[in-house]
Amino acid sequence: MRIAPSLILLPLLLVAGRAVAAQNCTLGNLPDDSHEAEIFRIRGVPTAFGRAMAPSAMHPGGTILLMEVATLQTIDSATATPTYCRAGKPDENVNLMPVLPRPRVIFSTVDGITVEASWIPPIPVNGVKANLFGFAVARTVEAGPGVLSMRAAATLGEIRAPITCTEEQIAVDPGDPNATECAGGAEPSSDHYKPNSFSLDLTYGWVLADGKFRPYLGGGANFLRPRFQVDFVDQFGARQDQKVETNMTRPAFFGGATWAPLARLGVTGEYYTDPGTAWSARFSLAYILK
């Protein structure tokens, strides 16, 4: 029996193509104008560890418990469709949740210095399991009728979710003319997304209504270090583990106000944006523990 050379070479060409695609999407190779890079920029806005509360001069030893909810902007189907790393694949499953909840604690030391810490525990919600940490250090000083606050923050950790291949996509018959690379897979993908970022910002806040209303405005930069890895077993039993990585520096501007209806309670609304790219509305409820 004679076997066509093309049939022998086909598996090798597929493997080589995947290797080239994986290399093209690693650090330093992802084009800024690709849809993959745009998704990273959009999701970098709500996952950045923003303020979510007006700056204030806390007394040493002061402690605040805060619960923040940030909206996740819906990414349209066209933007969610890969153009570089996995060109030709249907749109990614990137709109799994409408909001990102994030608890945190703020502790004041001396000289107007505060430290913050946050943890989103790995509790599955709608197929999404996050394990994210937030850290920040700020210094707030009096400046005219208000206060000026300088802050450095970081978001570190991982989110696992079926972004590449959903349950509906793997259930499709691989013989279907409209079947994608997900069809016939063992189970939905459990992709790794690390929305790592580091932030610097400067904020000015002032006091109205005898301290019950505190508006603020600020701006700074987010140093995005997103890392994404496919984790999927296809219909042939082969594990797909392509990585998509990039580094970006993005501007950030925000403004909001904290309302204190009670002495120990504060409610904040904030608008946070990377101009021309994405925005997020942040809402928080803070309780002064001491």
Legend entry - Filter result for residue 12 (modelled with pLDDT under 95, part of a loop (DSSP other than H, G, I, E, B) and over 17 Å from the mean Cα position of the chain (by Cα)): no
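Each row is one residue, and each column tells you yes or no for (1) within 30 Å of residue 272 (Cα to Cα); (2) touching a residue at least 40 places away in the same chain (Cβ under 8 Å).
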| residue | (1), (2) |
| --- | --- |
| 183 | no, yes |
| 191 | yes, yes |
| 198 | yes, yes |
| 208 | yes, no |
| 222 | yes, yes |
| 231 | no, yes |
| 236 | no, no |
| 241 | no, no |
| 249 | yes, no |
Legend entry - Matching residues in the stretch 126-136 - criterion: being farther than 21 Å from residue 66 by Cα and part of a strand (DSSP E or B): 128, 129
Legend entry - Subset of the stretch 83-112 that is small (Gly, Ala, Ser) and surrounded by fewer than 15 Cβ atoms within 10 Å (Cβ to Cβ) - its residue that is farthest from residue 133 (Cα to Cα): 88
Legend entry - In the stretch 241-281, the residues that are in contact with a helix residue (DSSP H, G or I) (Cβ under 8 Å, 6 or more places away or on another chain) and assigned to a strand (DSSP E or B): 243, 244, 248, 250, 252, 260, 272, 273, 274, 278, 279, 280
Inset, instruction - Considering only the stretch 220-246, state which residues are surrounded by fewer than 16 Cβ atoms within 10 Å (Cβ to Cβ) and modelled with pLDDT of 95 or more. - result: 221
Inset, instruction - Return the residue satisfying two criteria in turn: it lies in the stretch 18-50 and is assigned to a loop (DSSP other than H, G, I, E, B) and at pLDDT 95 or above, and of such residues it is farthest from residue 266 (Cα to Cα). - result: 48
Legend entry - Count - residues of the stretch 188-219 that are of a type in the set (Asp, Glu), surrounded by fewer than 16 Cβ atoms within 10 Å (Cβ to Cβ) and touching a Pro at 6+ places or on another chain (Cβ under 9 Å): 0
Inset, instruction - Would you mind stating whether residue 139 is at pLDDT 95 or above, in a strand (DSSP E or B) and surrounded by fewer than 17 Cβ atoms within 10 Å (Cβ to Cβ)? - result: yes
Inset, instruction - Please specify each residue of the stretch 260-276 satisfying the condition of being at pLDDT 95 or above and exposed (fewer than 15 other Cβ atoms within 10 Å of the Cβ). - result: 265, 269, 271, 275
Legend entry - Candidate set: the stretch 186-229, residues that are under 30 Å from residue 82 (Cβ atoms), aliphatic (A, V, I, L, M) and assigned to a strand (DSSP E or B); chosen: the one farthest from the chain's Cα centre (by Cα): 221
Legend entry - Conditions (1) part of a loop (DSSP other than H, G, I, E, B); (2) hydrophobic (A, V, I, L, M, F, W, C); (3) surrounded by fewer than 17 Cβ atoms within 10 Å (Cβ to Cβ); number of the one not met by residue 182: (3)
Legend entry - Total residues in the stretch 48-74, condition among the polar types (S, T, N, Q) and either crowded, with 21+ Cβ neighbours inside 10 Å or more than 19 Å from the chain's Cα centre (by Cα) (or both): 2
Inset, instruction - Being surrounded by fewer than 16 Cβ atoms within 10 Å (Cβ to Cβ) and more than 15 Å from the chain's Cα centre (by Cα) is the filter here, so list the residues in the stretch 123-136 that pass it. - result: 123, 124, 125, 126
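The values are calculated or read from the model by the stated rules, or taken from the named source; none is laboratory data. Everything numeric here is computed off the predicted structure, so don't read it as measured data. Using ideal geometry, Cβ is built from the backbone for each residue, glycine included, and neighbour counts are taken over all protein chains shown.
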